[in-house]
């Protein structure tokens, strides 16, 4: 093993990205660092067999930059960089399935909000055959992180089969963000086994605010499904409720109080706070005092109500003076 500054995604990660701007394989999906992220490993990917020799050559290029003591420019000041002893071998243990093709919400802060019909009509590809090939080759191994981004995972046709396959093959650190509008049997199964962490960004404490942000009246359904997941959790980390502060929509302590009370009532013990990403980028250095106070309010009050209450990494990084 060699010791140098790198991260889990540079060393053993990949992101299957499917969106209206094309389908690509990237290093990761984290774009809030000053470097901007979005390191491409393969453009125009359609689910066809991967040229692994080419893939590992490109991975090695980025690893060598980190080994030299320099930093990949796209990764500049990323919160995930750390000094560690990294394995000197070709492997993938961390994957993000990033799709912007289907969603049952129309959140005002999502970039797909500008034309939801267009994004929901994008045809992606099935990733399960690729995953099976990687597992059979021994290059996709348990031990890292598996997550989803983009649209609503439970709406993907292969979602249930994909998660069952991962669970059956020893993958036990699967994070699934979901609108929770649609109940998923395999999510409940994975949560009951302590292998799935499910996160719902409800962003509200009542039906009216939920509908205004999400574009549909499903607050009660979401609460019901999250209660169902929470009832089978093994660990507090397995079921998470997230509140994205959206200035002009839900930036009120009264709304936050209702959200916190609802989480407690349905058995959730992990609360998380974030800030709407576009607003945050535009106000990194000015005009964010009120939002900072709301973040502190959630961390303080939530910290007294729940076993775990945290701010997302990019929030803690970008909002000066906020402490967990």
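The values are calculated or read from the model by the stated rules, or taken from the named source; none is laboratory data. Remember, it's a predicted structure, so these values are computed and weren't measured experimentally. Every residue, glycine as well, gets a Cβ built from its backbone with ideal geometry; the counts of neighbours run over all protein chains shown.
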Index of the failed condition, residue 125 passing every other in (1) free of Cβ contacts under 8 Å to residues at least 24 places away in the same chain; (2) under 23 Å from residue 53 (Cβ atoms); (3) part of a loop (DSSP other than H, G, I, E, B): (1)
Surrounded by fewer than 22 Cβ atoms within 10 Å (Cβ to Cβ) and more than 30 Å from residue 288 (Cβ to Cβ), is that true of residue 224? yes
Among the residues of the stretch 89-107, is there at least one that is over 22 Å from the mean Cα position of the chain (by Cα) and at negative phi? yes
When you go through (1) surrounded by fewer than 16 Cβ atoms within 10 Å (Cβ to Cβ); (2) without any contact (Cβ under 8 Å) to a residue 60 or more places away in the chain one by one for residue 69, which number turns out not to apply? (2)
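Kindly check whether there is at least one residue in the stretch 12-24 that is touching a strand residue (DSSP E or B) at 6+ places or on another chain (Cβ under 9 Å), surrounded by fewer than 17 Cβ atoms within 10 Å (Cβ to Cβ) and part of a loop (DSSP other than H, G, I, E, B). Please lay out each step first, then the result.
If we filter the stretch 12-24 for residues that are touching a strand residue (DSSP E or B) at 6+ places or on another chain (Cβ under 9 Å), which is where we start, we get 12-19, 23-24.
Filter again for surrounded by fewer than 17 Cβ atoms within 10 Å (Cβ to Cβ), leaving none.
No, the conditions are met nowhere in the stretch 12-24.
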Residues that are closer than 20 Å to residue 26 by Cα and assigned to a loop (DSSP other than H, G, I, E, B), drawn from the stretch 83-101: 89, 90, 91, 93, 100, 101
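Out of 132, 117, which single residue is modelled with pLDDT under 95 and not in a strand (DSSP E or B)?
Numbers: 132 fails: modelled with pLDDT under 95.
Testing whether each residue is modelled with pLDDT under 95 and not in a strand (DSSP E or B) leaves just 117.
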Residues in the stretch 32-64 that are farther than 30 Å from residue 276 by Cβ, assigned to a loop (DSSP other than H, G, I, E, B) and touching a residue at least 24 places away in the same chain (Cβ under 8 Å) total 4
Determine, yes or no, whether residue 289 is exposed (fewer than 15 other Cβ atoms within 10 Å of the Cβ) and under 24 Å from residue 31 (Cα atoms). yes
Enumeration of residues in the stretch 178-219 that are closer than 15 Å to residue 97 by Cα and surrounded by fewer than 19 Cβ atoms within 10 Å (Cβ to Cβ): none
Checking the condition in a helix (DSSP H, G or I), within 15 Å of residue 176 (Cα to Cα) and free of Cβ contacts under 8 Å to residues at least 40 places away in the same chain, which residue from 224, 189 passes? 189
Check whether at least one residue in the stretch 46-66 is at pLDDT below 90, under 25 Å from residue 175 (Cβ atoms) and buried (at least 17 other Cβ atoms within 10 Å of the Cβ), and report yes or no. no
